[in-house]
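The block underneath contains the structure these notes are about, expressed in structure tokens.
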Amino acid sequence: IENCAHRHGFMDTVRCETFEEAINYCYDHAVSGDAVLLSPACSSFDMYANYEARGFDFKKIVNRLK
């Protein structure tokens, strides 16, 4: 995904080690009007049992940001 983004001119990409790190980075750095892509259609590379578990974790992490 990152290589494709770069080929199409989207150079401002960030790699994170964990889902929580990625969400926190976005929360700390995004400003009004920014678009954040967490690529949820891609494999979690065995971090989660399935998309439902990943979605549950996403909601839990985001709800802690409030």
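The computed Cα extents along the principal axes in Å for the structure shown corresponds, within (i) 49, 21, 16; (ii) 40, 28, 26; (iii) 33, 27, 18, to (iii). Ranking ALA49, ASN63, CYS16 by how far each Cα lies toward the positive end of the dipole of the chain (charges on Cβ) leaves ASN63 at the top. Helical content alone sets the calculated 222 nm signal of the chain at -14500 deg cm²/dmol, taking -39,500 (n - 2.57) per DSSP H segment of four or more residues and averaging over every residue. Dipole magnitude for the chain: computed about the Cα centre from +1 point charges on Lys and Arg Cβ and -1 point charges on Asp and Glu Cβ, it is near 200 debye.
Here, each number is a calculation from the coordinates, and none is a lab measurement. This is a predicted model, so every value here is computed, not measured. With ideal geometry, Cβ positions are generated from the backbone for all residues, glycine too; neighbour counts draw on all protein chains shown.
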